[in-house]
Amino acid sequence: MSVSGWNSAGAVEQPAAAAPAASLDFPAQTSQSGPDAAASAQIPFWLSRLYLVSALLLAFGVACSFSTTVFLHLAEGKPPYKEFIEHCVFMALGLGAVSGIMLLGRLIRPARRWLSWLVPAVWALSWLAVLAVAVTPLGVVVNGSRRWLDLGVVMFQPSELLKVSVVLYIAQLMCWYRLRRAVPAGSLLQQNAAAGLQDAAAKLRSFRLMPAGRPVFPAMPPQALLIILLSAGLTALQPDLGTTSIILAGGVLTMLLATVRVKDLLVLGAILLLLVGAVFVVKPGKFDYAAERVQTWLNPRAAADAEGYQITQSRGAIAEGATGLGSLTGKGFLKSEQKMNRLPYSELEFVFPVMVEELGFLGGAAIIILFGALAFVALQLSRRCRDPFANVAIAALGYLIVIQAFVNIATTLGSFPLTGITLPFFSGGGTSLLVSMTALGLMAMLAAAETGTAREARSAAPVPVEA
């Protein structure tokens, strides 16, 4: 006896033939044919492009780390290769994390079996770690900001992990959200239950079956709203408005990719405005530094503080490298003058001006093109995934990295106020590099899982027998 399913309108429909039992557990990954099979067949091509773009970003980042740290530390009398070696060590750890994720994705299929509990656990641990930074002695101040957790052996910035875990958790809630449906009297589900197929009926009743393509939901799960508010609220109270803005942008973008209703986003925006207003009433001086940064951004030359000096020097380095003598190729690799104590934090937030000064317009354009290519490849992989979670998560993770990169570049150009956001893969800081590489590994694993599902579906398809 065949088992019926729910169509996209919520009505019960009769299938033409009996579905395999596995399709009841994971209804979004059914057998592929026609346009779906053609789209899945293109995943290996775009997956190889993801590997290529990732390798170029990592190689460019290693060169940038060498340029911005070694000669500066030599001039300051510090161990010259210390930070460069740390960058390479964290990159090796990131490659290990990527390999582990890919192996886990191959050994345990579908990925839902372990991601369904791992993603909430990672979000909870990262949120608690951010809280520990704020309220325990483990939190340490670096460069005037209390954002790091001192683990003894290494310094860890948990807000970096929180950004990625928020995106994954919201994607999971939006795409694996279960909705109990009442069984209509006299329906085929009830007939199946009466015939002893209670398990099959329960499975169909507990899932919203979605057609191929982007999932469409009538309402946003309330947990998603809570996750964004808890994550953004905690980082704002540090205060760390740069990370808060990235969390909000990533959360809203993930919801848009899951095609949530605009009404739900307006509700989220209204609640955020109320919370911000409440903070200003309770602690009116909490975000004075943000107002000062806006004033500095509007008129950096008139500002007497270090931030005004940073913006001025950053613009000068970019102008000198991109429009001065040798503007196409810059002054040459390792020949930047601004990084030699003239541009503060040239190895952190301000690596882009140094690269433009050394490599000229072509070097700066290459960095921007690489991040643009990452966004494009993420979009192409996402469009070819039939699993709703992979569809949303791949695009959201890729866009999260690119948004952070473009915010950093815009800051160094003077288009945005200073945020403290680093340039992924290029800036110093092992946590950012490790988490960014882990995000790339998750993107690759989810896309590779789609190709594995397609192969299994083709091998399980019945072979016609000639009469």
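The values are calculated or read from the model by the stated rules, or taken from the named source; none is laboratory data. Values in this document were obtained by computation on a predicted structure and should not be read as measured data. Glycine gets a Cβ as well: all are built from the backbone with ideal geometry, and neighbour counts include every protein chain shown.
Structure above, values below:
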{"item": "Check on M355, at pLDDT 80 or above and surrounded by fewer than 15 Cβ atoms within 10 Å (Cβ to Cβ)", "result": "no"}
{"item": "When residues of the range 69-118 are limited to those that are of a type in the set (S, T, Y) and assigned by TED's automatic domain parsing to the domain that holds E347, the one nearest to F426 (Cα to Cα)", "result": "T69"}
{"item": "Single unsatisfied condition, T431 versus (1) of a type in the set (V, I, T); (2) buried (at least 24 other Cβ atoms within 10 Å of the Cβ); (3) in a helix (DSSP H, G or I)", "result": "(2)"}
{"item": "Within the range 364-388, considering residues that are under 15 Å from L400 (Cβ atoms) and of a type in the set (A, V, I, L, M), the one surrounded by the fewest Cβ atoms within 10 Å (Cβ to Cβ)", "result": "L379"}
{"item": "Which listed residue, of F425, F376, is more than 30 Å from L298 (Cβ to Cβ) and in contact with a Cys (Cβ under 9 Å, 6 or more places away or on another chain)", "result": "F425"}
